[in-house]
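Below is one structure; the comments refer to it alone.
The values are calculated or read from the model by the stated rules, or taken from the named source; none is laboratory data. Model, not experiment: these values are computed from the prediction. Here the Cβ is made from the backbone with ideal geometry for all residues, glycine too, and neighbour counts use every protein chain on show. Heads up: the accessible areas ignore ligands, DNA and RNA and are worked out on the full protein's heavy atoms, side chains in. Shrake-Rupley method; radii C 1.70, N 1.55, O 1.52, S 1.80 Å.
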Amino acid sequence: MEVVRKYSVATLMLIILCLAAFFVNNSALPVDSGEVKTIVTAREIIADGQWMMPTMNGELRLDKPPLAAWVASVVESIYPHDLSAQRIPAALMGVMWAMFFFGVARYMERRKGFAEIATVVFITCYNVIYFGRVVSRDIYAYAFMMAAMYFMMRLLYDSRYFAKPHKWRWALLSGLMMGLSFLSNGSVAFYSMLLPFLMVMTYYRRPDMAGRWLPLALLIVVFLATFGWWYAYLFSSNPDAIKAALANEMKTWMGGHTRPWFYYWRFFSEMGIWAVFTLAALVLPYWNSRLRTKRLYITALSWLFLALLLLSIVPEKEMTDVIVLAPSCALVVACLIFYYIERWPEDKWGKALFYFNGYLIALMVFALPFFVHIRIANRYLMDFGSELFVNLFLWGIAFYVAVSTYRKEMVGVVRGVVALFFVIECFMLGPISGIFGNSRQHSISMLQEDEVVGKLPLYYNADEPLRIELVYEAGRRILPLDLKDADAVSKAAPCLLLTKGHLSEVLPSATMERVDTAFIGKFDDNKFPRHNKHYRQELVNQVSLIQPKSPRPVIE
């Protein structure tokens, strides 16, 4: 059997859906703490010219590879302080991840339409959409790794389908993509994405290794060369710094954000609108006897469980890590969707799952216009004409999904989901961002507009923690200052000082006597309102002006 090489109109539609998912209204989401670190690092690369040894707020940042920061630096040099421009490369990585996933799905299951359905599920997973809309090292690592996995599959299995497999080409490309993945975010994608995939694929579809050992050797050499040169430079120029950075990274993996092993138990909910199907797909005995895509289903489910196990045994856990499960979950869900497309179940459980999922989606879409009116239109975030257009569109989608469910047409349900996400991404993301905005925000970035104090150095109390978001908003480094050291404070003046409380509460009297102070203002850099769970008191600060003590006039 030969793998079909031609791409259909459906492929073009996937690309359009990708553009809507990752590019349209790409500045609507608030700034993420992870992307703040990347952008701050990029700004300092531009300011200092230290491309090989980047810093973040003046401190070496070698625990993370620099590829994402390098890309952000190039964008910053062309479009300074432009968040929308910074997010374009991440959006391109989102498209790359989706399209190479499409290639992997197409290679694993050659039934017509399966890869398109799996990719639709993948693109409409809100975690994938989120990562493709923020400046994140992760999206680079996962996109390059998905490309590496696709090229590796071509290397290992092409001889089954093609008379002349291009082993050396696929080995070279796979090694290059792996190296770029490592240069983006280290070994994260290797451990949680590539390792379980290789273990599962080589077990269920053992490749014929005849004539492939030398190409595999080339793959490893290219991989090591692609990322290894940077580490070689660091070890030769500053071995102590890189050793400390690697030790700190290992400490973070083993001790930072420690969670119990069952922390990811609700991973299926991260699939958003496909959560019900994802949970149902875990019932292996039921589906194993019914699916025609049984081999792929078992492979994808094994990949899912193995990746979940590897994530769970690491002490350091964040719920965002389950993004690596999105490809395997999408494949598993696509197997169920394809089952309903090909046949109608005879048992009650299968019918109940279809009706429940379809009518639930229709009900949620039907309720969205009320949300639009109450939470968006009533706050004047959307005009009447736009509200009417969006609501009619949403009710039309709800009706279409409900009718498709009644007629037992799974394709109609999928099309309704695609239309729903397209409407949200194109017409609702902007107004929705206004709901969660902080109307009382008074950002420290306003200091840059002041001609008098805007160019003064900015310090913070060394005894208090500093959020990196403040460095991003201030547009410059915020260095620590020991307020108990009167000499250090006097030497730093004139400057601006960032404190949590009033200056009289944190500045010792001995230091106060040696400088003049003036209150500049109180700044709140929270992107979310006070009642939101993401509101952080650490982002509320006071800024004071510290000046050398003016000489007292002599009284004659």
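Here are the numbers:
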| quantity | calculated |
| --- | --- |
| Approximate spin-label separation Glu342-Ser159, in nm, with each point projected 7 Å along Cα-to-Cβ | 2.9 |
| Share of Cα-Cα pairs in segment 1-84 lying beyond 15 Å, as whole percent | 66 |
| Whole-angstrom gap from segment 307-322 to segment 504-544, using each part's C-alpha centre | 37 |
| Where GluC sites (Glu not before Pro) fall in DSSP loop in segment 472-530, at most 10 other Cβ within 10 Å | Glu513 |
| FRET E, pair Tyr204, Glu464, Förster distance 60 Å, beta-carbon r, rounded to 0.05 | 0.65 |
| Radius, Kirkwood style, for segment 31-127 when every pair of distinct Cα atoms is counted (Å) | 15.3 |
| Within straight-line cross-link reach of Lys408, lysines at Cα separation under 25 Å, skipping those fewer than 8 residues along the same chain | Lys112, Lys294, Lys348, Lys351 |
| Distant alpha-carbon pairs in segment 297-343 (separation over 13 angstrom), percent | 58 |
| Accessible surface of segment 238-377, 1.4 Å probe, proportion on carbon and sulfur as whole % | 68 |
| Helix 114-123 axis, angle to the chain major axis (alpha carbon atoms, nearest 10°) | 20 |
| Probe 1.4 Å, accessible area per residue of segment 146-277, Å² | 49 |
| Accessible surface of segment 1-93, 1.4 Å probe, proportion on carbon and sulfur as whole % | 63 |
| Charge dipole (debye, nearest 20) of segment 497-556; +1 at Cβ of Lys and Arg, -1 at Cβ of Asp and Glu | 320 |
| Packing-based order for 66-73, 277-284, using average beta carbon neighbours within 10 Å, highest first | 66-73, 277-284 |
| Computed magnitude of the charge dipole of the chain (debye, nearest 20; Cβ of K, R +1, Cβ of D, E -1) | 2620 |
| Relative intensity, log₁₀ I(q)/I(0), of the chain from a Debye sum that treats every alpha carbon as a point, q = 0.06, 0.12, 0.13 Å⁻¹ | -0.37, -1.25, -1.40 |
| Antiparallel DSSP beta bridges within the chain, as percent of all bridges there, nearest 5 | 70 |
| Relative contact order (%) - criterion: Cα under 8 Å, at least six apart; region: segment 2-139 | 33 |
| Cα pair distances of segment 271-325 binned at 10 Å [whole percent] | 20, 48, 27, 5 |
| For the chain, with +1 on Lys and Arg beta carbons and -1 on Asp and Glu, the positive-most of Ala115, Tyr472, Val515 along the dipole | Ala115 |
| Restricting segment 433-481 to chymotrypsin sites (Phe, Trp or Tyr not before Pro) in coil, as DSSP defines it, with at most 15 other Cβ within 10 Å | Phe436 |
| Globularity ratio of segment 86-222, using Cα Rg and 2.2 N^0.38 Å | 1.05 |
| Value of relative contact order over the chain, rounded to a whole percent, pairs C-alpha under 8 Å and six or more apart | 13 |
| Dimensions (Å) - segment 413-522, Cα atoms, principal axes, largest first | 71, 29, 22 |
| Peptides 29-36, 331-338 ordered by average Cβ neighbours within 10 Å, highest first | 331-338, 29-36 |
| Over the chain: helical MRE at 222 nm, DSSP H runs n ≥ 4 each giving -39500 (n - 2.57), nearest 500 | -18000 deg cm²/dmol |
| Per residue value of the accessible surface for segment 323-467 (all protein chains in place, 1.4 Å probe), Å² | 50 |
| FRET efficiency, 1/(1 + (r/R0)^6) with R0 41 Å, evaluated for Glu505 and Arg375 via beta carbons | 0.55 |
| Compactness of segment 466-556 as Cα Rg over 2.2 N^0.38 Å, two decimals | 1.28 |
| Point-to-point label distance, Met319-Asn288, nm (Cα→Cβ direction, 7 Å offset) | 3.2 |
| Taking segment 97-217 and dividing mean pair separation by its residue count, relative contact order in percent (alpha carbons under 8 Å, at least six apart) | 26 |
| For segment 298-410, the Rg and Dmax computed from alpha carbons only, in angstrom | 19.2, 52 |
| At R0 = 60 Å, FRET efficiency that the Cβ-Cβ distance of Tyr126 and Ser550 yields, to 0.05 | 0.55 |
| Over segment 55-108, equivalent-ellipsoid semi-axes from the Cα gyration tensor in Å | 29, 16, 7 |
| Reachable lysines, given that their alpha-carbon falls under 19 Å from the alpha-carbon of Lys455 and they are not under 8 places away in the same chain | Lys491, Lys522 |
| Sequence-distant residues sharing a close amide H with Ile478 (under 5 Å, placed H) | none |
| Principal axes of segment 362-488: Cα extent on each, largest first, Å | 80, 30, 19 |
| Net charge contributed by nearby residues that have their C-beta within less than 13 Å of Val515 (K/R +1, D/E -1) | -1 |
